[in-house]
Amino acid sequence: MKTSAAPGVLGFFLPALWLQSSVVHQTWAAPSPIIKFPGDVSPKTDKELAVQYLNTFYGCPKESCNLFVLKDTLKKMQKFFGLPETGELDHNTIETMKKPRCGNPDVANYNFFPRRPKWEKNQITYRIIGYTPDLDPETVDDAFARAFKVWSDVTPLRFSRIHDGEADIMINFGRWEHGDGYPFDGKDGLLAHAFAPGTGVGGDSHFDDDELWTLGEGQVVRVKYGNADGEYCKFPFLFNDKEYTSCTDAGRSDGFLWCATSYNFDSDGKYGFCPHEALFTMGGNAEGQPCKFPFKFQGTSYDSCTTEGRTDGYRWCGTTEDYDRDKKYGFCPETAMSTVGGNSEGAPCVFPFIFLGNKHESCTSAGRSDGKMWCATTTNYDDDRKWGFCPDQGYSLFLVAAHEFGHAMGLEHSEDPGALMAPIYTYTKNFRLSNDDIKGIRELYGSSTDTDTGTDTGPTPTPGPVTPEICKPDTNIVFDGISQIRGETFFFKDRFMWRTANSREKPTGPLLVATFWPEVPEKIDAVYEAPQEEKAVFFSGDEYWVYSASTLERGYPKKLTSLGLPPSVQHVDAAFSWSKNKKTYIFSGDKFWRYNEVKKKMDPGFPKFIADAWNGIPDNLDAVVELQGSGHSYFFKDWYYLKLENKSLKIVKVGNIKTDWLSC
């Protein structure tokens, strides 16, 4: 168990002494070979992954999950996620299985939900038994409190925290096998799980501490001391006219890492020290005293934090020179570049480091086939072979906790991809509890007494956002964007999308856009694929995003003006790349522009009026797409579309989107 303790040292800032260069340079004679990293988990084959996944989440018996049973169970899984029910291990099915998710099953079994239980009271207690070193205790406390509030806002349930004794919901962090018979699996994969209401373990919620816990947008670093104690690092920040995206020891001679808590340190001078064991420890019995290196433990001398003597993998240190004599210790806080996984027990990255003879001054994916970024934790990987994964955006503790607390209230997984209770993790910046979640929890506990007064005689508004249905009777869906990307046609509406590889078949979905393109806003204005580089381009407001596959290109989003559009254009209605001349056409209002993808600039002579150049095409379009090899382009407006023959530039058909494109 780890609890917070008040640190017992004072920090100070030295004048700027030198400016550390953080210019990234890598010298490559040839592409790096793929190697086996010590301590890395060997990837499973598709068949092994499927058998384990279907056993864990769909009840396919491990001993008898043969090809026939596997195929039948696989169809259930595909139906749950809105995938084509082929019973085959196709690419989309495997990719879905690889996404990070909750550890509870999708079809009720099985030990978690043997019946449909609920709490028979509205006053629920919870207790936080342990903390993750990824976040300071105050941030953890706040994330859990906000997660409970998600449910109390829409029900009569009220949650109160206790600090001792047995609570209804006991909350803890753990790794691998952590005492409940349902082990975690290291970084990514299973993020957390919770038990349904009941006695004993009922309601208890456990979080995998091999994950990087954040608030969803990268490491949350709360500084100590300096002149901004308790505030959060601001990344990037400016120091001596140079931007820093992580904690740095630039300007210091003692090696302590620090950050600014406003963008411009040069003008504001606000700073603090990033968590480090040389400044303080957490929990233990040393009241926050810093580590003392070297320290002696069981006769062995240690020069850094260690996990020796522990079975939970947490790094600790002695706070006097002899632990065997004094028994004083604390847990080491995560530093700004602490690694995840690997074989270095969370030790921080060391830059520069040598790998296969090359010097690296930042995280790299060299040597890996999965593209994951990693670093060495000593100066020379070739000699020491010590490494770990670099911190990424991490997982929002608030969102994962809100999901798990839904289970702790009695909710199972939802097939609605827009629901909080959907099993796959998707980060949402502006979170709102969906209509599906609200209906589910109110079936168990009723409505909130604070919001439902019963005095309004008018129609009751629908609580929470509703996932759109593309074939809903007597309604016509108007899409925000339509595009052909990597051979598939995608339809976008709000934060959802549908996809099909065959325009004659009904698209599968809905799926969350953020599952594939996480940084894109919840509502786009237009989308197209730049075919020369196979990059997807999304427009929203006065900005645009460029992706290679699902990876956002460095430096994006950018303003529309960087494409050559005038400042008066505040949004794009539609865009498409036309095979006839290899140019990209961008539409806004009653005008359009032509963009040269090769020269990366607008062609001269634009904008032009749509009515003057595209005979019969309306203004204020919703989307434009050209199907590869069809010889036709399609212009979408409200419920209908116009089919244009590319060769003659004549409209050859006006059709209904719902019947012709969605097969409703």
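May I ask you to list the residues in segment 264-293 that are over 22 Å from Gly346 (Cα atoms), exposed (fewer than 15 other Cβ atoms within 10 Å of the Cβ) and not charged (D, E, K, R)? Answer for segment 264-293, where residues must be over 22 Å from Gly346 (Cα atoms), exposed (fewer than 15 other Cβ atoms within 10 Å of the Cβ) and not charged (D, E, K, R): Asn264, Ser267, Gly269.
Regarding Asp254, is this residue free of Cβ contacts under 8 Å to residues at least 40 places away in the same chain and outside the structural domain of Lys187 (by the TED database)? No. Does Leu191 meet the test of being at negative phi and crowded, with 21+ Cβ neighbours inside 10 Å? When the stated conditions are applied, Leu191 passes them. Among the conditions (1) in contact with a Ser or Thr (Cβ under 6 Å, 6 or more places away or on another chain); (2) surrounded by 19 or more Cβ atoms within 10 Å (Cβ to Cβ); (3) under 26 Å from Asp619 (Cα atoms), Phe539 misses just one, which is (1).
Checking the stated criteria, Ala536 turns out to be at negative phi, touching a strand residue (DSSP E or B) at 6+ places or on another chain (Cβ under 9 Å) and at pLDDT 90 or above. Checking Gly346 against (1) surrounded by fewer than 21 Cβ atoms within 10 Å (Cβ to Cβ); (2) touching a Lys or Arg at 6+ places or on another chain (Cβ under 7 Å); (3) in a loop (DSSP other than H, G, I, E, B): exactly one of these is not met. Which one? Checking Gly346 against (1) surrounded by fewer than 21 Cβ atoms within 10 Å (Cβ to Cβ); (2) touching a Lys or Arg at 6+ places or on another chain (Cβ under 7 Å); (3) in a loop (DSSP other than H, G, I, E, B), the one that fails is (1).
The single condition among (1) in a loop (DSSP other than H, G, I, E, B); (2) touching a residue at least 40 places away in the same chain (Cβ under 8 Å) that Gly309 does not meet is (2). Could you pull out the residue among Val69, Val41 that is in a loop (DSSP other than H, G, I, E, B), among the β-branched types (Val, Ile, Thr) and modelled with pLDDT of 65 or more? After applying the criteria, what remains is Val41. For Trp213, the test of being more than 30 Å from Ala147 (Cβ to Cβ) and buried (at least 23 other Cβ atoms within 10 Å of the Cβ) is failed. Evaluating Ala574 against the criteria (1) touching a residue at least 24 places away in the same chain (Cβ under 8 Å); (2) surrounded by fewer than 16 Cβ atoms within 10 Å (Cβ to Cβ); (3) not charged (D, E, K, R) leaves one unmet condition, (2). For segment 436-473, how many residues are at pLDDT 80 or above and on the phi > 0 side of the Ramachandran plot? The total comes to 1.
Residues are listed down the side, and each one gets a yes or a no for (1) within 30 Å of Thr155 (Cβ to Cβ); (2) polar (S, T, N, Q); (3) modelled with pLDDT under 85:
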{"site": "Ser362", "(1), (2), (3)": "no, yes, yes"}
{"site": "Gly367", "(1), (2), (3)": "no, no, no"}
{"site": "Cys375", "(1), (2), (3)": "no, no, no"}
{"site": "Asp392", "(1), (2), (3)": "no, no, yes"}
{"site": "Ala401", "(1), (2), (3)": "yes, no, no"}
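Screening segment 581-630 for residues that are on the phi > 0 side of the Ramachandran plot and either in contact with a helix residue (DSSP H, G or I) (Cβ under 8 Å, 6 or more places away or on another chain) or loosely packed, with under 14 Cβ neighbours inside 10 Å (or both) and picking the one that is modelled with the lowest pLDDT gives Gly629.
With respect to the conditions (1) among the acidic types (Asp, Glu); (2) surrounded by fewer than 20 Cβ atoms within 10 Å (Cβ to Cβ); (3) touching a residue at least 12 places away in the same chain (Cβ under 8 Å); (4) closer than 28 Å to Gly202 by Cβ, Asp392 lacks only one, and its number is (4). Determine whether Leu563 is modelled with pLDDT under 90, aliphatic (A, V, I, L, M) and out of contact with any His (no Cβ under 8 Å at 6 or more places or on another chain). Against the criterion (modelled with pLDDT under 90, aliphatic (A, V, I, L, M) and out of contact with any His (no Cβ under 8 Å at 6 or more places or on another chain)), Leu563 does not qualify. Would segment 356-364 turn up any residue that is of a type in the set (Val, Ile, Thr), part of a loop (DSSP other than H, G, I, E, B) and out of contact with any helix residue (DSSP H, G or I) (no Cβ under 8 Å at 6 or more places or on another chain)? Scanning segment 356-364 turns up no residue that is of a type in the set (Val, Ile, Thr), part of a loop (DSSP other than H, G, I, E, B) and out of contact with any helix residue (DSSP H, G or I) (no Cβ under 8 Å at 6 or more places or on another chain). Selection of segment 613-664 for residues being under 15 Å from Phe587 (Cα atoms) and among the β-branched types (Val, Ile, Thr) yields Ile617, Val624, Val625.
Hey, could you check segment 460-503 for residues that are among the charged types (D, E, K, R) and more than 12 Å from Lys658 (Cα to Cα) and say which is surrounded by the fewest Cβ atoms within 10 Å (Cβ to Cβ)? Among those residues, the one meeting the criterion is Arg486. Residues that are part of a helix (DSSP H, G or I) and charged (D, E, K, R) within segment 119-138 comprise just one, Glu138.
Within segment 395-428, the residues that satisfy the criterion of being more than 21 Å from Asp188 (Cβ to Cβ) and part of a loop (DSSP other than H, G, I, E, B) are Gly410, Leu411, Glu412, Ser414, Glu415, Asp416, Gly418, Ala419.
The values are calculated or read from the model by the stated rules, or taken from the named source; none is laboratory data. Computed from a prediction, not measured in an experiment: that's the story for all the values here. Cβ atoms come from the backbone with ideal geometry, glycine included; neighbour counts cover every protein chain shown.
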